[in-house]
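Visitor: This structure is in structure tokens; I'll ask about it shortly.
Read-outs throughout are calculated quantities, based only on the coordinates presented, and are distinct from any laboratory measurement. None of these values were measured; they are calculated from a predicted model. Here the Cβ positions follow ideal geometry from the backbone for every residue, glycine too, while neighbour counts run over all protein chains shown.
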Amino acid sequence: MKIQESAENYLETILILQNSKGAVRSIDVVNELGYSKPSVSVAMKNLRENGYIEMNADGFITLLGPGREIAERIYERHTLLTDWLVALGVPPAQAVEDACRMEHVISAESFDAIKRHVQQRTADAR
């Protein structure tokens, strides 16, 4: 399933905010990403219309199955790539920035290979 990078970023942000705050509203996404309220509003409308999220009458956002799947995939890529780059000696701030770009363009095959490599090295270190 291929969606735009910006939609992946919104879904990942919603997941991160839900994990840290529990309940998430559009204003939380605005504050986290630093985007304008109208931009986030349009994005939330698009995500709703495409079946990735739902919003209740109070404006609380819930990730639906397809949206949660994408958010979790992107978040896993982000965290693993960040940790991997840091382990390679990349400064943490640069690793976060690079991982954020890489997480959207890396193929499933390449990511899985990196993941296997990291898991093997972790197991070997024990």
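Visitor: Based only on other Cβ atoms within 10 Å, what is the fewest-to-most ordering of Leu81, Leu63? Working shown, then result.
Guide: Numbers: Leu81 23, Leu63 20.
Fewest-to-most ranking of Leu81, Leu63: Leu63, Leu81.
Visitor: Any idea what angle helix 37-49 forms with the longest principal axis of the chain, computed on alpha-carbon atoms, 0 to 90 degrees, nearest 10?
Guide: 80 degrees
Visitor: Ok, one more. For region 75-125, what class follows from the C-alpha gyration tensor (a ≥ b ≥ c being the square roots of its eigenvalues): rounded when a/c is under 1.5, otherwise prolate if a/b is larger than b/c, else oblate?
Guide: Working: a/c = 2.44, a/b = 1.15, b/c = 2.12.
The shape class here is oblate.
Visitor: Please check which bits of region 44-80 a label hung off Asn31 would reach, taking the label as a point 7 Å along Cα-to-C-beta and the cut-off as backbone N under 15 Å.
Guide: 60-61
Visitor: Continuing with the same structure: Rounded to the nearest 10 degrees, what's the angle between the helix 65-87 long axis and the longest principal axis of the chain, both from Cα atoms, 0 to 90?
Guide: Long axis of 65-87 versus the principal axis of the chain: about 40 degrees.
Visitor: Can you give the angle from 0 to 90° between the axis of helix 92-105 and the longest principal axis of the chain, with both taken from C-alpha atoms, to the nearest 10?
Guide: The helix 92-105 is inclined about 70 degrees to the chain.
Visitor: Grab the eigenvalues of the alpha-carbon gyration tensor for the chain, scale each by 5, take roots, and send me the semi-axes largest first in whole angstrom. Provide the component values of the computation, followed by the final result.
Guide: Working: eigenvalues 172, 45, 35 Å².
Semi-axes, largest first: 29, 15, 13 Å.
Visitor: Please compute the length gained on full extension between Val105 and Thr122, using 0.36 nm multiplied by the number of residues separating them and subtracting their Cα-Cα distance. It would help to have the intermediate numbers written out before the result.
Guide: Numbers: separation 17, 0.36 × 17 = 6.12 nm, distance 2.49 nm.
Here the segment from Val105 to Thr122 would lengthen by 3.6 nm.
Visitor: Then there's this: Calculate, in nm to one decimal, what Arg48 and Ala23 gain on full extension: separation in residues at 0.36 nm each, minus their alpha carbon distance.
Guide: Details: separation 25, 0.36 × 25 = 9.00 nm, distance 1.68 nm.
Contour length minus Cα-Cα distance gives 7.3 nm.
Visitor: Sticking with this structure for a sec: Just grab the label-to-label distance for Ala57 and Val90, each label 7 Å out from Cα along the Cβ direction, in nm (one decimal).
Guide: So the label points at Ala57 and Val90 sit 4.7 nm apart.
Visitor: Still on this structure: So what is the calculated 222 nm ellipticity per residue for the chain, using -39500 (n - 2.57) for each DSSP H run with n of 4 or more, over all residues, to the nearest 500 deg cm²/dmol?
Guide: Working: 6 runs with 93 residues, N = 126.
Roughly -24500 deg cm²/dmol at 222 nm, from the helical runs in the chain.
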